[in-house]
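Data first, discussion second: the structure below is written as structure tokens.
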Amino acid sequence: MIAIQADEHIPQEIITGLNARGIEAYGAYHESLSGKSDLDVFQHAQQTNRILLTNDTDFFSLIEDRHHSGIFYLTTQRASTGRVIRNILRLVDTSEPKDFTNNIFYIPRNP
């Protein structure tokens with residue numbers, strides 16, 4: 001089973017929707033990460049073995065030469081909440097937890 005750590009720019013509706021569908025998803029606010037640096041958020045995700053869900057390209061520089069649990073990168077703010085959730089569910093349902101390690105997945109994906 002995987003768990004997801006969202007940064008503070010990810011809408012709560014996505015986090016709530018993932019949780020409603022059986023995926024452990026944590027928002028920055030609930031983990032006391034609001035206003036923290038990108039490095040703090042990244043390190044928290046790694047310490048808790050969570051995939052980082054973000055739309056912030058600054059995280060790309062943080063993962064260079066570092067082990068990480070995986071990144072779900074939200075490529076657009078225009079995608080519907082449902083589409084983002086469906087894309088994440090599809091990835092989770094068709095992958096093993098080890099498949100996420102040190103990889104970046106771009107969401108939403110084309111159908």
Exercise. Which cross-chain or sequence-distant (5 or more) residues have an amide H under 5 Å from the amide H of I51, H modelled 1.01 Å from N in plane?
Worked result: A3, I4, Q5
Exercise. Tell me, what is the percent relative contact order of the stretch 3-107, built from C-alpha pairs under 8 Å that lie six or more residues apart?
Worked result: 28
Seminar exercise, completed: For the chain, the dipole about the Cα centre with charges only on Cβ (Lys and Arg +1, Asp and Glu -1), to the nearest 20 debye, works out at 480
Exercise. Of R66, R90, R50, which is the most mobile in a GNM of the chain whose springs link Cα atoms less than 10 angstrom apart?
Worked result: R66
Seminar exercise, completed: With label points set 7 Å from each Cα along the Cα-to-Cβ direction at K98 and S32, the distance between them in nm comes to 3.5
Seminar exercise, completed: When the charge dipole of the chain is computed with +1 at the Cβ of Lys and Arg and -1 at the Cβ of Asp and Glu, the Cα pointing farthest to the positive end, of L74, I4, N87, is that of N87
For this session: Assign unit charges at the C-beta atoms only (+1 for Lys and Arg, -1 for Asp and Glu), then state the dipole size of the stretch 32-95 relative to its Cα centre in Debye, rounded to the nearest 20.
Result: 400
Exercise. How large is ³J(HN,Hα) for each residue in the stretch 2-18, as worked out from phi by the Karplus curve 6.51 cos²θ - 1.76 cosθ + 1.60 (θ = phi - 60°), to whole Hz, x for Gly and Pro?
Worked result: 9, 9, 10, 10, 8, 7, 6, 8, 8, x, 4, 4, 5, 4, 4, x, 5
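No value in this document is a laboratory result; all are computed from the given coordinates. The structure displayed is predicted, hence computed values, not measured ones. Reconstructed Cβ throughout: ideal geometry from the backbone, glycine too, with neighbour counts over all protein chains shown.
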